[in-house]
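The values are calculated or read from the model by the stated rules, or taken from the named source; none is laboratory data. Quick caveat, the model's predicted, so the values are computed rather than measured. Here the Cβ is made from the backbone with ideal geometry for all residues, glycine too, and neighbour counts use every protein chain on show. For the accessible areas, the whole protein counts, side chains as well, though only heavy atoms, and no ligand, DNA or RNA atoms are used. Shrake-Rupley method; radii C 1.70, N 1.55, O 1.52, S 1.80 Å.
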Amino acid sequence: MPLSYVLDEIGITRATWYRRRDRGYTPEARRTPSGRICVRRSVLDAFKEELDAA
């Protein structure tokens, strides 16, 4: 999923994403050959389940 969709689903801004990423609090993201940042749906779902459990 493109980062913009992930941000909408989690409900955070891009600046918050980068701040949390630097601290290790975001799901694993990959950069595509075209330069876009994407997160796999399964990784995002697992991340959201961890947030709900906490």
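A DSSP coil position with no more than 16 other Cβ atoms inside 10 Å describes the following trypsin sites (Lys or Arg not before Pro) in the range 6-54: 36, 40. About its Cα centre, the chain has a charge dipole of approximately 380 debye under the convention of +1 per Lys or Arg Cβ and -1 per Asp or Glu Cβ, with nothing else charged. When the solvent-accessible area of the chain is split by element, carbon and sulfur atoms take up 48 percent of it, the probe being 1.4 Å. The HN-Hα couplings worked out from phi for the range 44-53 by the Karplus form 6.51 cos²θ - 1.76 cosθ + 1.60 (θ = phi - 60°) are 5, 4, 5, 4, 5, 5, 4, 5, 5, 6 Hz, whole numbers, x standing for Gly and Pro. Count Lys and Arg as plus one, Asp and Glu as minus one, and take only other residues whose Cβ is under 11 Å from that of residue 48; the net charge is then -4. Here the Karplus relation 6.51 cos²θ - 1.76 cosθ + 1.60, evaluated at θ = phi - 60°, turns the backbone of the range 30-38 into coupling constants of 10, 9, 7, x, 7, x, 7, 9, 9 Hz, with x for every Gly and Pro.
The calculated 222 nm mean residue ellipticity attributable to helices in the chain amounts to -17000 deg cm²/dmol, summing -39500 (n - 2.57) over DSSP H runs of n ≥ 4 and dividing by all residues. Shown in residue order for the range 12-22 are the 3J(HN,Hα) couplings computed by the Karplus curve 6.51 cos²θ - 1.76 cosθ + 1.60 at θ = phi - 60°: 10, 8, 5, 4, 5, 4, 5, 5, 5, 4, 4 Hz (x for Gly and Pro).
Run through the chain and list the GluC sites (Glu not before Pro) located in a DSSP loop whose Cβ has at most 15 other Cβ atoms within 10 Å. Walk me through the intermediate numbers first.
Details: sites: 9, 28, 49, 50; in loops: 28.
Those that pass, being in a loop and sparsely packed, are 28.
Sparsely packed loop sites in the chain (the chymotrypsin sites (Phe, Trp or Tyr not before Pro) outside DSSP H, G, I, E and B with at most 12 other Cβ atoms within 10 Å) comprise 25.
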